[in-house]
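Trainee: What follows is a single structure, and I will ask about it in a moment.
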Amino acid sequence: MLNDRVAVVTGASRGLGAGIARRFARDGATVCLVARDEARLNRLAEEIESSGGTALAVRCDVTSADDVRALGETVLGRLGRVDILVNNAGALAFGSFLEESDEQWQWMLDANLTSARAVTRAFLPSMVDMGAGKVIFVSSNAAKKGFPNDAGYSVAKAGLMALTKVLAVEYGTRGVDVHAILPGLIAETDLGRSVVEDHVERFAGTLDAFYEWANPLSPKGFHPTVDSIVDVVAFLATPAAQVLHGQCLTADYGLTPY
């Protein structure tokens, strides 16, 4: 399905990013794995290669302009093109609006929004030159629904929604499809576990009490898994999703039905 495609996935060393990279490789793409944890990246690259896939691990701090510049040069120099870019890297730090320091606020913007802008600018020109490409932003349902103690994160993820719309309008006629996915709580990832732990500590008291409170919020009574979100991203990476150009798809089992 993705044969002869080159895909770049940021935040690929673990969790959702690693799941997306595995699926892309299984679907035939050459996958460039991007994250700060070089050891984890190398292990994932070896896993993909041993399963018959093709992977390139590139250590990069996406909040560093120098690292992102080097990333673009390395990937385009070695692989020649990028057909699919998944901006998955991100971070979450908790604190109420009045508690959140200026430094934490800026870090949330840098880690979740400015970094995605920088990585996209590194690869978008080559897509425009080819007249084809896919850019997929991993936002969050926190961009649309107010959750306590994550103002900076929510604002940054909402920025990714706006960026999706702008790029879709600017570059859709140049052959570049732009999408965003807004997952709900994925409790099996490191970031998801941090959300659960924070809410248990601040509000629920116990893990059972948290899920007793959280699950009924979803009309289906449960929350996304890594695999369920990977399924959506894998679809967005295919030509079949081009009719969805510029859309921001909320993937949280109906928790945020708007």
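The values are calculated or read from the model by the stated rules, or taken from the named source; none is laboratory data. The shown structure was predicted, so the numbers you read here are calculated from the model rather than taken from an experiment. Methodologically, a virtual Cβ is constructed for each residue, glycine included, from the backbone with ideal geometry; neighbour enumeration extends over all protein chains shown. Calculation scope for accessible area: heavy atoms of the full protein, side chains included, ligands and nucleic acids excluded. Shrake-Rupley method; radii C 1.70, N 1.55, O 1.52, S 1.80 Å.
Trainee: Is there any pair linking a residue in segment 101-117 that is hydroxyl-bearing (Ser, Thr, Tyr) to one that is open to solvent by 10 Å² or more (accessible area, probe 1.4 Å), with Cβ under 7 Å and at least six apart or on different chains, and which?
Mentor: Filtered contacts from segment 101-117: SER115/VAL62; SER115/THR63; SER115/ALA89.
Trainee: I'd like the full set of residues that are under 15 Å from ALA12 (Cβ atoms), assigned to a loop (DSSP other than H, G, I, E, B) and either without any contact (Cβ under 8 Å) to a residue 40 or more places away in the chain or not β-branched (Val, Ile, Thr) (or both), limited to segment 50-93.
Mentor: Residues satisfying the conditions are GLY53, CYS60, ASP61, ASN88, ALA89, GLY90, ALA91.
Trainee: Given the conditions (1) touching a strand residue (DSSP E or B) at 6+ places or on another chain (Cβ under 8 Å); (2) surrounded by 17 or more Cβ atoms within 10 Å (Cβ to Cβ); (3) not charged (D, E, K, R), and given that GLN104 satisfies all but one, which numbered condition is not satisfied?
Mentor: Failed condition: (2).
Trainee: If the Cβ limit is 6 Å and pairs must be 6+ apart or interchain, which residue in segment 198-224 that is of a type in the set (Gly, Ala, Ser) pairs with which residue that is buried (at least 17 other Cβ atoms within 10 Å of the Cβ) and not in a helix (DSSP H, G or I)?
Mentor: Cβ pairs passing all conditions: SER218/TYR253; SER218/LEU255.
Trainee: Restricting to segment 31-49, name every residue that is under 18 Å from the mean Cα position of the chain (by Cα) and either surrounded by 22 or more Cβ atoms within 10 Å (Cβ to Cβ) or part of a strand (DSSP E or B) (or both).
Mentor: Across segment 31-49, the qualifying residues are VAL31, CYS32, LEU33, VAL34, ALA35, LEU41, LEU44.
Trainee: Given the residues SER194, SER218, which is the only one that is buried (at least 16 other Cβ atoms within 10 Å of the Cβ) and out of contact with any strand residue (DSSP E or B) (no Cβ under 6 Å at 6 or more places or on another chain)?
Mentor: Only one candidate passes the filter, namely SER218.
Trainee: Within the bounds of segment 121-141, is there any residue that is more than 19 Å from ALA7 (Cβ to Cβ) and of a type outside the set (Lys, Arg)?
Mentor: Yes, some residue in segment 121-141 is more than 19 Å from ALA7 (Cβ to Cβ) and of a type outside the set (Lys, Arg).
Trainee: Among the helices (runs of 4 or more DSSP H) confined wholly to segment 94-182, which include 3 or more residues that are out of contact with any Ser or Thr (no Cβ under 7 Å at 6 or more places or on another chain) and farther than 29 Å from VAL243 by Cβ?
Mentor: 102-109, 151-171
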